[in-house]
Structure formats: structure tokens, C-alpha cells
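A.B. asks: Okay, here's the structure, questions in a sec.
The values are calculated or read from the model by the stated rules, or taken from the named source; none is laboratory data. Everything numeric in this text was worked out from a predicted model, so none of it was measured. Every residue, glycine among them, receives a Cβ derived from its backbone with ideal geometry; neighbour counts consider all protein chains shown.
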């Protein structure tokens, strides 16, 4: 006897959650090993940066940002004004070690929430189409398929727009955890999901 659609959905949510945690651990290890070097576009006022000054790496805090470079407030010149550095002199933004991990965790969490929403939508679709005529059920299933992918796209777009706070890579890992979760469900619950 096969389990109900609701039971299968719950099992798939659990399996996807396990996969998301595994993905987060793997991504966190990569972030810690490789570090994070944000692009210049993510730098804003108040950020700590490392830049080249007289050929040496120097730390400072961004006071202003303009099209040509940055004013670094922590470095005081003889005139008492912040030092102007060019974008090419900027080595990298100083990122506290936990911030990349938090960004990755938020990204994976957003992707996993997208999985939960899509699984619940799929479960609802399966319940509705069982009472419909075959032709109408096929059309409804196709429409719901497109809606589920639109929801997935909306979550990824939201993650992309919030890249200062959320890792897009983490969100992608969270989104694809549903596919790997389906395989894991077969192993854990000895169940065939199609």
C-alpha cells in the first residue's frame, strides 16, 4: 500500500530539509576555505576595506563613494582630509568571518522555503486533479507546473535583489534541494516518488 499524497509531501519536505542542511555545510566549508571577496559594487559607506597605499596593503573605512574612487576616512593625510583611493587600488572588502556564513544560511533557507511552497502547491494540485475529468486535469496540472516554477523564479529574483544580505548561490542550492530530496526520500522511506 502506497502512502497518501500528504504523507509523501511531508516526507519530501523532510528529505529536502536534510539535503539543504548538507548543502549548507558543504557551502560553508567552501566559504571558509576560499573566503569571500565581494565586487566593488557591493561596497558602501562605512565598510572596512583593504587597499594599496604607497605600495603597501592598508586598512580603512569608506567615508564616501563616487564614480572615480573612494574616500577612506580612517587614513588621515597631512591636510587632515580622508585619503582618496582609486577603485583599482582597492584590494578587497574586509568581511567578518561569520557574515558570509549567515548570508549563505539565509540563501539556503530562502531556497528551502521555496521548496516547501512548491511541494505544498504540488500536493494541492494532486488532490484537485483526482476529481477532474482527464482533459481538464491535464490542463490544470500544466498550469500549476508553470505557477510552481514562477514561484521558484520569484524566490530566486528576491535573493538576487537582496545579494547584500543573502547569498544567491545558497538560494540556488536550497531550490535544487527538492530534486535531491526526492532521491533521498526513496532511500530513507523506501518509497518511490515519481
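A.B. asks: Among 173, 156, 146, 184, which is under 19 Å from residue 20 (Cα atoms), assigned to a helix (DSSP H, G or I), over 21 Å from the mean Cα position of the chain (by Cα) and in the same structural domain as residue 104 (by TED's automatic domain parsing)?
C.D. replies: 184
A.B. asks: Still on this structure, I have one more. Taking the stated definitions as given, is residue 90 more than 30 Å from residue 190 (Cα to Cα), surrounded by 14 or more Cβ atoms within 10 Å (Cβ to Cβ) and modelled with pLDDT of 70 or more? Give the derivation first.
C.D. replies: Values: more than 30 Å from residue 190 (Cα to Cα): yes; surrounded by 14 or more Cβ atoms within 10 Å (Cβ to Cβ): yes; modelled with pLDDT of 70 or more: no.
Judged against the criteria, residue 90 is not a match.
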